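Here's the structure we're looking at; comments come further down.
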Amino acid sequence: QVQLVESGGGLVQTGGSLRLSCAASSSIFNFITMGWYRQAPGKQRELVATITSSGTPNYADSVQGRFTISRDAAKNTMYLQMNSLKPEDTSTYYCNRAQVIGATMSSNPLNYWGKGTLVTVSS
């Protein structure tokens with residue numbers, strides 16, 4: 001059964017850092033493009049970063065230069081290092097499948113979402 005478990009969220013001040021983790025239930029996730037999504041209250045879910053099976057990252061303009069996505073195949077785990085956090089980064093963060101065509105990333109989630117992890121950045 002598919003399972004994605006996000007963790008690492010919390011409350012930080014503006015300019016602070018957090019590292020999110022996404023633990024997958026199967027090594028099959030190591031062979032597909034994965035991404036971090038986020039959803040703020042009252043807003044649509046948005047894709048902020050992707051990483052291909054070969055480790056190539058892509059980022060939304062809003063997080064470029066501040067966030068770093070990575071994955072550890074041996075642990076079936078993906079990470080999101082978030083630095084220089086801003087209040088507008090406040091959201092619940094989720095991991096799920098994504099896709100990259102050319103240099104363009106886009107949503108391609110499974111019919112399953114984990115519970116997410118809440119990130120709150122105070123001003």
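The values are calculated or read from the model by the stated rules, or taken from the named source; none is laboratory data. Source: prediction; values computed, not measured. Neighbour counts run over all protein chains shown; Cβ positions are idealised from the backbone, glycine included. We work out accessible area using only protein heavy atoms, side chains counted, and drop any ligands, DNA or RNA first. Shrake-Rupley method; radii C 1.70, N 1.55, O 1.52, S 1.80 Å.
Hey, can you tell me all the residues within region 85-123 that are in a loop (DSSP other than H, G, I, E, B), open to solvent by 60 Å² or more (accessible area, probe 1.4 Å) and out of contact with any Ser or Thr (no Cβ under 7 Å at 6 or more places or on another chain)? Walk me through how you get there before you give the answer.
First, pick out the residues of region 85-123 that are in a loop (DSSP other than H, G, I, E, B): 85-86, 90, 102-103, 108-116, 123.
Still in the list and also open to solvent by 60 Å² or more (accessible area, probe 1.4 Å): 86, 102-103, 111-113, 115, 123.
102, 103, 111, 112, 113, 115 - these are the residues of region 85-123 that are in a loop (DSSP other than H, G, I, E, B), open to solvent by 60 Å² or more (accessible area, probe 1.4 Å) and out of contact with any Ser or Thr (no Cβ under 7 Å at 6 or more places or on another chain).
Which of (1) over 17 Å from residue 19 (Cα atoms); (2) modelled with pLDDT of 95 or more; (3) small (Gly, Ala, Ser) does residue 35 not meet, given it meets every other one?
Evaluating residue 35 over (1) over 17 Å from residue 19 (Cα atoms); (2) modelled with pLDDT of 95 or more; (3) small (Gly, Ala, Ser) leaves (1) as the failure.
Does any residue of region 11-33 turn out to be without any contact (Cβ under 8 Å) to a residue 24 or more places away in the chain and either open to solvent by less than 50 Å² (accessible area, probe 1.4 Å) or within 21 Å of residue 1 (Cβ to Cβ) (or both)? Give the steps one after another, and end with the answer.
Pass one, region 11-33, residues without any contact (Cβ under 8 Å) to a residue 24 or more places away in the chain: 28, 31.
Imposing the further condition that a residue be either open to solvent by less than 50 Å² (accessible area, probe 1.4 Å) or within 21 Å of residue 1 (Cβ to Cβ) (or both) reduces the set to 28, 31.
Among the residues of region 11-33, at least one is without any contact (Cβ under 8 Å) to a residue 24 or more places away in the chain and either open to solvent by less than 50 Å² (accessible area, probe 1.4 Å) or within 21 Å of residue 1 (Cβ to Cβ) (or both), which makes the answer yes.
If residue 63 satisfies every condition in (1) free of Cβ contacts under 8 Å to residues at least 60 places away in the same chain; (2) assigned to a loop (DSSP other than H, G, I, E, B); (3) surrounded by fewer than 17 Cβ atoms within 10 Å (Cβ to Cβ); (4) not hydroxyl-bearing (Ser, Thr, Tyr) but one, which is the exception?
Unmet condition: (3).
I'd like to know if region 37-51 contains one or more residues that are of a type outside the set (A, V, I, L, M, F, W, C), surrounded by 14 or more Cβ atoms within 10 Å (Cβ to Cβ), assigned to a strand (DSSP E or B) and touching a helix residue (DSSP H, G or I) at 6+ places or on another chain (Cβ under 9 Å).
Checked against the condition, which is being of a type outside the set (A, V, I, L, M, F, W, C), surrounded by 14 or more Cβ atoms within 10 Å (Cβ to Cβ), assigned to a strand (DSSP E or B) and touching a helix residue (DSSP H, G or I) at 6+ places or on another chain (Cβ under 9 Å), region 37-51 yields at least one hit.
I'm told residue 75 meets every condition in (1) more than 15 Å from the chain's Cα centre (by Cα); (2) open to solvent by less than 20 Å² (accessible area, probe 1.4 Å); (3) not small (Gly, Ala, Ser) except one. Can you identify the failing condition by its number?
So residue 75 meets the others, but not (2).
How do the pairs read when you match residues in region 97-123 that are more than 22 Å from residue 82 (Cβ to Cβ) with residues anywhere that are among the aliphatic types (A, V, I, L, M) and open to solvent by less than 70 Å² (accessible area, probe 1.4 Å), using Cβ under 6 Å and keeping only pairs 6 or more apart or on different chains?
Between residues of region 97-123 that are more than 22 Å from residue 82 (Cβ to Cβ) and residues that are among the aliphatic types (A, V, I, L, M) and open to solvent by less than 70 Å² (accessible area, probe 1.4 Å), the close pairs are 108/98; 112/2.
Give me the residue from region 78-123 that is more than 14 Å from the chain's Cα centre (by Cα) and small (Gly, Ala, Ser) and, out of that set, nearest to residue 17 (Cα to Cα).
So in region 78-123, the residues more than 14 Å from the chain's Cα centre (by Cα) come out as 84-88, 100-104, 110-112, 120-123.
Among the residues that remain, those that are also small (Gly, Ala, Ser) are: 84, 102-103, 122-123.
Values: 84: 6, 102: 30, 103: 27, 122: 12, 123: 14 Å.
Here the residue is 84.
Pairs needed: first member in region 42-56, without any contact (Cβ under 8 Å) to a residue 60 or more places away in the chain; second member anywhere, open to solvent by less than 80 Å² (accessible area, probe 1.4 Å) and part of a loop (DSSP other than H, G, I, E, B); C-beta distance under 6 Å; at least 6 residues apart or different chains.
48/60; 48/63; 50/33; 52/33
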